[in-house]
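J.: Pasting a structure below so you can have a look.
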Amino acid sequence: MASPIRNASGKRTSSRNPGRRSVLVTGASGGIGRAICRAFAAAGWYVGVHYHRRKAEAEKTLRAVRVTGGTGGLLQADVREAESVRLMIEAFLKKAPRPMAFICNAGVGASSLVLRQQEEEWMSVVHTNLTGAFHCLQSVAPALCAQGGGSIVVIGSHAGSHGSTGQAAYAASKAGLIGLVKTAAQEWGPQNVRVNLVLPGWHRTGLSEGAMPEGHDWPDHALRRPPALEEVARTIVHMTQLNDLSGQVWNCDSRDL
């Protein structure tokens, strides 16, 4: 018999009842987003697969969800635009069973020293990573509050608290997420909406291309290696279901937080 878990409102439900749980993952056309979607599908969740422009890659993610045994659907939005995000959340609410979770993963990177950083590139990164997350949280929170609770996990970066040479815009945008998450957690806690930040560590994805360290023994990691992507994804699924965790920054690798 499946072991019971408690949903967002505190009621017991079976872990083998996928119709009672749903999650929307933004940035699901990329490597980390796809891994997160697969992990939720393996746990029996309905998965909303968000993309902006890369529809073909998002379709690959949806196929992976179905191969894993899950169900889901595609959702398109530009997270930089508040109305686009609102319409995406509205479409998700019409399709998805409840209770819900939301994984805010969409993001872009840029490589430039502070003195060489072009304002246009700066604005693009900040608008996507930070303002985009703000739009997502602002749009999804009312539905979670109205149903008695839910979980939001925002994907941050170690660079947000430690900086990273040549990553001024990216590090600044990820640092802003820490304040956003901690504030949202305090504001929505009374409605049982949990908001947490995950630092996934280094992974070979399109976002890390050109920035990921090559050919060294990872001396700043206690384990001398980056974390496995599948382990990070499973951690996020687990965090989503923890009823008493909110306002936290969770580091998935072995570096100092």
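J.: State all residues of segment 107-146 that are charged (D, E, K, R) and out of contact with any helix residue (DSSP H, G or I) (no Cβ under 7 Å at 6 or more places or on another chain); if no residue qualifies, say none.
T.: Within segment 107-146, Arg116, Glu119, Glu120 qualify.
J.: Of all the residues that make up segment 47-63, how many are more than 15 Å from the chain's Cα centre (by Cα) and in a strand (DSSP E or B)?
T.: Total satisfying the criteria: 0.
J.: Also, quick follow-up: Select from segment 53-109 the residues that are open to solvent by 80 Å² or more (accessible area, probe 1.4 Å) and either touching a Leu at 6+ places or on another chain (Cβ under 8 Å) or among the hydroxyl-bearing types (Ser, Thr, Tyr) (or both) and list them in ascending order.
T.: Lys55, the sole residue that qualifies.
J.: Looking at Lys55, Lys11, can you tell me which residue is modelled with pLDDT of 95 or more and basic (Lys, Arg)?
T.: From the options Lys55, Lys11, the qualifying one is Lys55.
J.: Just to check your reading of the model, which residue among Ile89, Ile103 is within 12 Å of the chain's Cα centre (by Cα) and closer than 30 Å to Gly160 by Cβ?
T.: Ile103
J.: Out of Val79, Val67, Val108, which single residue is among the hydrophobic types (A, V, I, L, M, F, W, C) and over 19 Å from the mean Cα position of the chain (by Cα)?
T.: Val67
J.: Just a yes or no: is a residue in segment 178-196 modelled with pLDDT under 95, under 19 Å from the mean Cα position of the chain (by Cα), in a helix (DSSP H, G or I) and within 16 Å of Ser157 (Cα to Cα)?
T.: No, segment 178-196 contains no residue that is modelled with pLDDT under 95, under 19 Å from the mean Cα position of the chain (by Cα), in a helix (DSSP H, G or I) and within 16 Å of Ser157 (Cα to Cα).
J.: Could you say which residue among Ser164, Ser151, Ser157 is surrounded by fewer than 18 Cβ atoms within 10 Å (Cβ to Cβ) and touching a Phe, Trp or Tyr at 6+ places or on another chain (Cβ under 9 Å)?
T.: Of the residues listed, the single one that is surrounded by fewer than 18 Cβ atoms within 10 Å (Cβ to Cβ) and touching a Phe, Trp or Tyr at 6+ places or on another chain (Cβ under 9 Å) is Ser164.
J.: Hey, does segment 214-229 have a residue that's modelled with pLDDT under 95 and under 14 Å from the mean Cα position of the chain (by Cα)?
T.: yes
J.: Please go through segment 136-148 and pick out each residue that is out of contact with any Gly (no Cβ under 7 Å at 6 or more places or on another chain) and open to solvent by less than 20 Å² (accessible area, probe 1.4 Å).
T.: Answer for segment 136-148, where residues must be out of contact with any Gly (no Cβ under 7 Å at 6 or more places or on another chain) and open to solvent by less than 20 Å² (accessible area, probe 1.4 Å): Cys136, Leu137, Val140, Ala141, Ala143.
J.: Just to be sure, is Ala41 open to solvent by 20 Å² or more (accessible area, probe 1.4 Å), assigned to a helix (DSSP H, G or I) and modelled with pLDDT of 95 or more?
T.: Answer is no for this residue.
The values are calculated or read from the model by the stated rules, or taken from the named source; none is laboratory data. Not measured: the values here are computed from a predicted model. Backbone-built Cβ (ideal geometry, glycine too); neighbour counts: all protein chains shown. What goes into the accessible areas is simple: the full protein's heavy atoms, side chains included, and nothing from ligands, DNA or RNA. Shrake-Rupley method; radii C 1.70, N 1.55, O 1.52, S 1.80 Å.
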